[in-house]
Each structure stands twice: as C-alpha cells, then as structure tokens.
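The values are calculated or read from the model by the stated rules, or taken from the named source; none is laboratory data. Just so you know, these numbers come straight off a predicted model, no measurement behind them. Cβ: placed from backbone, ideal geometry, glycine included. Neighbour counts: every protein chain shown. In case anyone asks, the SASA skips ligands and DNA or RNA and just uses the protein heavy atoms, side chains included. Shrake-Rupley method; radii C 1.70, N 1.55, O 1.52, S 1.80 Å.
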Amino acid sequence: MQIKSPDFKKNARIALQDVGLQKALGNLKAGFPVKRSIAVDRMPEFEDLRDEARDLKNHILGNLDIYLEQFESKVIENGGHVHWCRTAEDAQKKILEICQEVDAKTVTKGKSMVSEEINLNEYLEANGVQPIETDLGEYILQLREDHPSHIIAPAIHLNLEDVSEAFHKHHKRPKSDDPAVLMQEAREMLRKKFVAADVGITGANFCVAETGSTIIVTNEGNGDLTQTLPKTHIVVTSIEKVVPTLEDMTLFLRLLARSATGQEFTVYNTLSTGPRREGDQDGPENFHVVLVDNGRSEMVGTEFQDMLRCIRCSACMNHCPVYGSVGGHAYGWVYPGPMGSVLTPQMIGIEKGGNLPNASTFCGKCESVCPVRIPLPKLMRHWRENEFEKHLTPSAARYGLAGWAFFAKRPTMYRMLSKTSNWFLRTMAGKKGKISKLPLAGGWTDFRDMPAPSGKTFMQQWKEGQR
Ligand code: SF4
C-alpha cells in the first residue's frame with residue numbers, strides 16, 4: 001500500500017473534524033472493548049494463557065529458522081510449494097508469476113493484511129490480473145477505492161449510508177439502507193466471482209510446523225470459498241506466524257477470538273494442508289505458500305523482537321484513546337493503532353514513520369490488553385530514542401528537552417523555575433482556572449483549555465510532608 005500521508009498530525013486534525021468518522025468510531029468504543037471484557041471475565045485462566053502465549057512466542061522466535069524449515073518440508077511433503085520472499089517486491093513478483101503460470105484473469109481474495117502490506121491488489125491489477133476482495137468489509141472498500149482502517153474490521157470507519165451509496169453506484173440496484181438487503185446483494189455479486197476465479201489468495205493466521213498446515217479464521221466463510229473453489233490456492237503470510245504444533249495453535253486461537261471480538265471462538269477456523277488429494281471432494285490442485293519477511297528477520301534479536309509476538313487481534317487499537325479519536329487512516333499506512341506505531345517505522349523507516357511512536361498518551365491500556373503481553377509503550381519509547389539519536393526530533397522538542405535537562409541538573413534553579421511557572425500559570429488562568437492560549441503549547445490550547453496548576457509544587461508539598 002502506498003503511504004497516503006505519513007503526516008499523522010495533519011491526518012489527525014482532519015479526522016477529528018470528520019463527523020461521519022466520529023460517529024463510526026463511537027460504535028467501536030461501545031463494541032469490541034465491552035465484548036472482550038465480558039469474554040475475559042468468563043475465562044478464569046485467561047491471564048495464565050497470556051503468560052503461556054508470551055513464553056511460547058518467545059520460544060518460537062528463538063528457534064524461528066528451525067520451525068520455518070520444518071513447516072516448509074511438511075508443505076512440500078504434502079504436495080505444496082513454499083516461496084521465501086525477502087521483500088514486498090519479491091512477494092508481488094512471485095504471486096504474479098504463479099497467477100501467470102495458470103493464466104489467471106481473476107483472483108478472489110480473503111482478508112489479508114500482509115497482502116495490504118505488499119500492495120498486492122494494485123500490483124496485480126497493473127499486470128492484468130483482477131483481484132476481488134471477498135471479505136464484506138474489504139469488498140466495500142474495494143468498491144469505494146478505499147483502504148482498511150482497522151486490522152479485523154477494515155471498514156469500521158464507514159456508516160450504513162456509505163455502504164448503501166457504494167452498492168447503489170456499483171451494483172446498479174435500487175438504493176437500500178436495510179443491512180439484510182445489502183448483505184444479500186453482496187452475497188449474490190460475490191457468488192459469481194467465487195465460481196469464476198482462477199486463483200484464490202488468502203492470508204494465514206498461523207502456519208503449523210508439525211503438519212505443514214495454514215489456518216485462517218473468519219466470521220463470514222468467504223475464506224473457505226476462496227481457498228477451495230479455484231484450482232490454485234496461494235497463501236500469503238509472514239514468517240512470524242509459524243507455530244510448532246496444532247495444540248499450540250489452539251492456545252492462540254482461544255486468545256485471539258476473545259481479545260479481538262469477544263467471541264469464545266471465531267465462526268470459521270479453516271485449515272489448509274496441501275493441495276487436494278485423491279478422494280477429496282474439493283480443494284485446489286495447486287497449493288503455494290508465499291512467506292514474506294519484509295524486515296521481520298531484522299527485528300529478531302533486537303529491542304523490537306517482542307513485536308513479532310503479535311497475533312493481529314486488534315485489542316490494542318480497540319482500547320487506544322488515540323485510535324478511538326482519529327481512526328486508522330490517520331496513521332497513514334497499513335497497520336494502525338499502537339501495534340502500527342511500533343511496526344510501521346520498522347517497515348517504512350523511522351524517517352517517514354517518526355510521527356507514529358509519538359502518537360500515544362502512554363496510558364498503557366494497549367499493553368494491559370495485549371494477549372501476548374507485548375510492551376507496546378516501551379517499544380514506542382525505543383523508537384522515540386531512535387528518532388532522537390538520529391536527530392529527527394523537531395528542533396523545538398530537542399531544545400525544550402535540552403532546556404529541561406539544564407535545569408533538572410541544577411535543583412535550586414529548578415525549584416525556583418517551578419515556583420515561578422506555577423505562579424505565572426495561575427496568574428494567566430485567573431478566576432476561570434483555565435488557560436485558553438499558551439505560547440509554545442498551541443498543540444494543547446488550540447483544542448482544549450489547559451487547567452491551571454492546582455496549588456503548591458510537588459517539591460513544596462513534599463517538603464511540608466503532605467505526601
Ligand atoms: S500488539 Fe497485541 S493487542 Fe495489538 S494486535 Fe498485536 S497481539 Fe493484539
């Protein structure tokens with residue numbers, strides 16, 4: 001996917017004024033977090049499972065080469081093919097090559113964030129292969145020439161009227177705002193596409209080393225039709241998705257469904273183990289797995305390795321106050337929210353993605369809900385340090401920090417400055433107790449009043465033994 005605009009601040013300003021988006025985001029706040037909380041309360045062992053999942057992922061990442069090679073040999077044993085792709089471009093080319101080998105004109109696609117990451121749709125289209133998204137949210141976005149704003153609910157930024165408008169325009173049917181009618185319309189349109197497709201492309205939530213299987217979890221069943229009807233099935237996924245055994249996979253499935261949508265289990269959990277065998281009633285004749293690296297192996301052994309534990313559940317963004325206010329498009333690339341703020345700079349470079357690790361209040365909610373206990377605020381802090389070391393931080397912030405450091409190293413001056421600032425801010429606030437304009441703090445006061453300091457400084461209170 002092309003970077004639409006890496007300028008988070010600009011995007012966020014636009015998003016905050018978008019009435020339709022704000023309405024849609026209101027539904028998110030009342031939906032996933034509440035459902036997750038109910039599901040977690042119903043499972044007393046949930047916290048223990050999180051520890052187990054974290055430890056297992058750490059073990060996998062420490063032995064990634066072994067499990068990936070085991071997975072590869074099992075896929076081959078089952079009659080499939082594995083293609084190792086270091087970059088997004090390598091993956092694009094390999095997928096196109098497979099499509100061209102079978103003379104494919106159209107491909108159906110299940111939802112895959114890795115395919116977004118490698119900008120697959122645009123690449124296939126530019127080379128004469130028509131991709132058709134079959135996940136309902138992705139289908140709507142494709143009609144609107146739009147991109148996902150959430151990793152499991154890609155069209156969450158849209159309202160019913162937007163969907164109705166898109167269907168009316170593209171399906172040439174009477175306009176309806178009845179969700180059941182719209183659903184039926186999409187079903188009818190997509191059925192024909194499923195049957196006519198030459199190739200089906202899906203992602204994979206996990207790749208199982210002991211059996212050479214891939215698994216997709218969906219709530220619509222579109223993934224099953226995508227991978228069983230066409231003669232060729234291509235799985236495009238990334239290297240950190242490998243798990244040792246089927247039993248290990250079930251641990252992650254239990255956490256994934258509850259953390260993502262608050263379900264005890266996702267409706268469709270579909271395994272693919274090689275191409276169709278003799279006696280099978282359905283399934284593809286050709287089975288390919290495209291394993292994408294795209295910067296991930298460089299994270300192994302670094303301070304960012306923990307990020308590779310991510311199982312793409314979306315809990316961090318569902319609970320993030322920043323994501324909840326501006327939505328996913330403000331992040332400017334494929335992965336939004338706290339997980340995107342860590343992953344995106346790795347993939348597009350801190351020079352382009354530097355705004356993202358700064359788009360956080362560090363409230364810590366993301367880490368507290370992450371099923372694999374990724375320390376997201378700590379990782380964002382690492383990126384901020386990285387940015388600072390590379391002299392990418394804006395000069396106002398650098399000089400501000402240098403000024404603060406100067407005073408912080410001189411306690412007497414620091415206390416005097418604190419007292420003077422306290423007095424100054426209280427005077428500015430006057431009887432209202434709020435400041436509506438403050439030099440050098442326009443980012444705050446442009447959008448809300450800043451409360452005046454409530455009384456004595458921390459050091460004064462400390463001295464007086466009030467704390
Ligand atoms: S970082 Fe954690 S909470 Fe966020 S999507 Fe990944 S696994 Fe889920």
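General observations
- The chain: Cys lacking any partner C-beta under 4.7 angstrom: 85, 99, 207, 310, 313, 320, 363, 370
- If R0 is 35 Å, the Cβ-Cβ spacing of residue 65 and residue 14 corresponds to a FRET efficiency of close to 0.20.
- Linear extension gain, residue 87 paired with residue 420, 0.36 nm per residue minus alpha-carbon span: 114.4 nm
- Helical segments meeting 30 Å axial Cα length and Kyte-Doolittle -0.5 threshold in the chain (DSSP H): none
- Taking every protein chain into account, the accessible area of the range 308-467 amounts to 54 square angstrom per residue (probe 1.4 Å).
- Debye, to nearest 20: dipole size of the chain, +1 on Lys, Arg Cβ, -1 on Asp, Glu Cβ: 3280
- Computed from the C-beta positions of residue 271 and residue 405 and an R0 of 56 Å, the FRET efficiency is 0.50 to the nearest 0.05.
- Considering only 205, 163, 243, the residue lying farthest towards the positive end of the dipole of the range 31-297 is 163, judged by Cα position with unit charges set on Cβ.
- Protein heavy-atom surface of the range 395-465, 1.4 angstrom probe: 65% of the accessible area is carbon and sulfur, with nucleic acids and ligands not counted.
- Between residue 431 and residue 191, the distance separating the two model label sites (each 7 Å from Cα on the Cα→Cβ line) works out to 7.2 nm.
- Heavy atoms of the protein chains alone define the surface here; on that basis the range 31-297 has 43 Å² accessible area per residue at 1.4 Å probe size.
- Annotation: extensible slack from residue 358 through residue 458 equals 33.4 nm (criterion: 0.36 nm per residue apart, minus Cα-Cα distance).
- Label zone of residue 390 (point 7 Å out along Cα→Cβ, amide N under 12 Å): in the range 355-376 this covers 355-357.
- Heavy-atom surface analysis with a 1.4 Å probe gives the range 31-297 a carbon and sulfur content of 49 percent of its accessible area.
- With helices as the sole contributors, the chain gives -15000 deg cm²/dmol at 222 nm; each DSSP H run of n ≥ 4 counts as -39500 (n - 2.57), and the sum is divided by every residue.
- Its Cα gyration tensor gives the range 82-232 an equivalent ellipsoid; the semi-axes, largest first and in whole Å, are 27, 17, 15.
- Added length on full extension, which subtracts the Cα-Cα distance from 0.36 nm per residue, residue 29 to residue 281: 86.4 nm
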